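K.L.:
Below is a structure I'd like to ask you about.
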Amino acid sequence: MAAPLRLAMWSGPRNVSTAFMRSWENRPDTEVWDEPFYAFYLRKTGIAHPGREEILAQHEADPHVVARHLLADRPPSAGTGPPPAIYYQKHMAHHLFEEAGRDWWPHLTHCFLIRQPREMLRSLSAKLETFSLAETGLPQQSELFRTMRALTGATPPVVDSADLLRNPRGILARLCHTLGVPFLDAMLAWPTGPRLSDGVWAPHWYENVWRSTGFQSPRPAGGELPEHLCSLEAECLPHYEELYAHRLT
């Protein structure tokens with residue numbers, strides 16, 4: 001039996017990444033792993049995210065063990081039986097550190113999910129009091145994008161969340177075509193509520209997704225940023241624009 005497509009989707013926080021995971025998980029041929037490196041990230045940084053102790057107690061924090069599971073045929077918490085056709089990995093790019101190594105990078109199919117920095121920063125500031133450029137995941141996304149482009153000679157797919165929300169069918173169909181898998185209408189809608197695949201952090205972050213049944217129309221722009229985030233927006237923009245130039249349309 002053929003190995004699954006190991007699809008590593010690299011996002012930053014507040015980029016519609018959980019809805020995107022729902023979309024793929026609703027396919028009958030796909031199994032998903034929610035933020036494989038989150039426990040490692042918390043242990044590495046000591047950062048006090050909501051639910052920190054529960055995450056460390058219930059999720060794998062050794063990055064080398066996580067990396068081995070990324071190269072398996074399905075998520076570690078999944079059942080037995082034939083492997084799925086697609087093994088979708090929802091990654092937060094800011095969880096990536098040198099300790100995790102890079103030898104596994106070429107064995108995954110990498111994609112990138114981005115969001116306009118102003119809207120991302122506004123959303124993230126509603127969840128966290130303080131955060132840095134590194135915690136947006138944008139520098140890590142751009143580094144990984146450049147690395148994989150150089151290694152493979154091909155441009156990894158990039159999806160901008162605003163494009164996705166405006167035209168879910170069109171963007172998902174284009175992405176599936178790029179990846180060589182069929183687009184399925186099942187990707188456009190899903191049942192409400194939590195999933196067994198959700199990390200234990202889900203009650204702190206996934207309230208809106210739990211209520212959703214599909215991709216929501218983009219909200220109107222929220223105006224000016226608070227002053228303390230303006231300089232951070234300026235730092236984010238070069239990384240975002242580098243990736244945005246290659247987005248699927």
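The values are calculated or read from the model by the stated rules, or taken from the named source; none is laboratory data. Predicted model only: the values in this text are computed from it and were never measured. Cβ coordinates were reconstructed from backbone atoms using ideal geometry, including for glycine residues, and neighbour counts include every protein chain displayed. Keep in mind that these areas ignore ligands, DNA and RNA; they rest on the heavy atoms of the full protein, side chains included. Shrake-Rupley method; radii C 1.70, N 1.55, O 1.52, S 1.80 Å.
K.L.:
Which one, Leu184, Ser161, Ser212, is farthest towards the positive end of the dipole of region 146-249 when Lys and Arg carry +1 and Asp and Glu -1 on their Cβ?
P.N.:
My answer, from the dipole projection, is Leu184.
K.L.:
Bin width 5 Å, alpha-carbon pairs only: give the P(r) of region 99-215 as whole percents, running from 0 to the bin holding the largest distance.
P.N.:
Percent of pairs per bin, in order: 2, 8, 14, 17, 21, 21, 13, 4, 0.
K.L.:
What is the diffusion coefficient of region 170-249 in µm²/s, taking the Kirkwood radius over Cα pairs and the Stokes-Einstein relation at 10 °C with a viscosity of 1.306 mPa s? Walk me through the intermediate numbers first.
P.N.:
Working: Rh = 16.3 Å.
D = 97 µm²/s.
K.L.:
Next question, about the same structure. If the chain between Leu179 and Trp104 were fully stretched, how many nm would it gain, using 0.36 nm times the residue separation less the Cα-Cα distance?
P.N.:
Numbers: separation 75, 0.36 × 75 = 27.00 nm, distance 1.90 nm.
Length difference between fully extended and current span is 25.1 nm.
K.L.:
What does the accessible area per residue of the chain come to in Å², with a 1.4 Å probe and no ligands, DNA or RNA counted?
P.N.:
On the way: 11420 Å² over 249 residues.
Value for the chain: 46 Å² per residue.
K.L.:
A further question on this structure: Only four residue types carry charge here, +1 at the Cβ of Lys and Arg and -1 at the Cβ of Asp and Glu. Report the dipole size of region 1-115 about the Cα centre in Debye, rounded to the nearest 20.
P.N.:
Details: 12 positive and 13 negative charges, 67 e Å.
Once rounded to the nearest 20, the dipole reads 320 debye.
K.L.:
Here's something else I'd like to know. Determine the dipole magnitude for region 57-190: charges of +1 sit on the beta-carbon of Lys and Arg, -1 on that of Asp and Glu, nothing else is charged, the reference point is the Cα centre, and the result goes in debye to the nearest 20.
P.N.:
In total the dipole reaches around 460 debye.
K.L.:
On the principal axes of its Cα set, how long, how wide and how thick is region 1-148? Give whole Å, largest value first.
P.N.:
Ordered largest first, region 1-148 gives principal extents of 47, 31, 29 Å.
K.L.:
Now, a different point. Based on the Cβ-Cβ distance of His246 and Ala186, what FRET efficiency does E = 1/(1 + (r/R0)^6) give at R0 = 30 Å, to the nearest 0.05?
P.N.:
0.65
K.L.:
Counting only protein heavy atoms and a 1.4 Å probe, tell me what percentage of region 1-110's accessible area is made up of carbon and sulfur.
P.N.:
Working: 2250 of 4340 Å².
Here it works out to 52 percent.
K.L.:
Report, in debye and to the nearest 20, how large the dipole of the chain comes out about its Cα centre when Lys and Arg carry +1 and Asp and Glu carry -1 on their Cβ.
P.N.:
Details: 24 positive and 28 negative charges, 123 e Å.
For this selection, approximately 600 debye.
K.L.:
Then there is this: Packing-wise, with mean Cβ within 10 Å as the measure, how do 180-189, 16-25 rank, highest first?
P.N.:
16-25, 180-189
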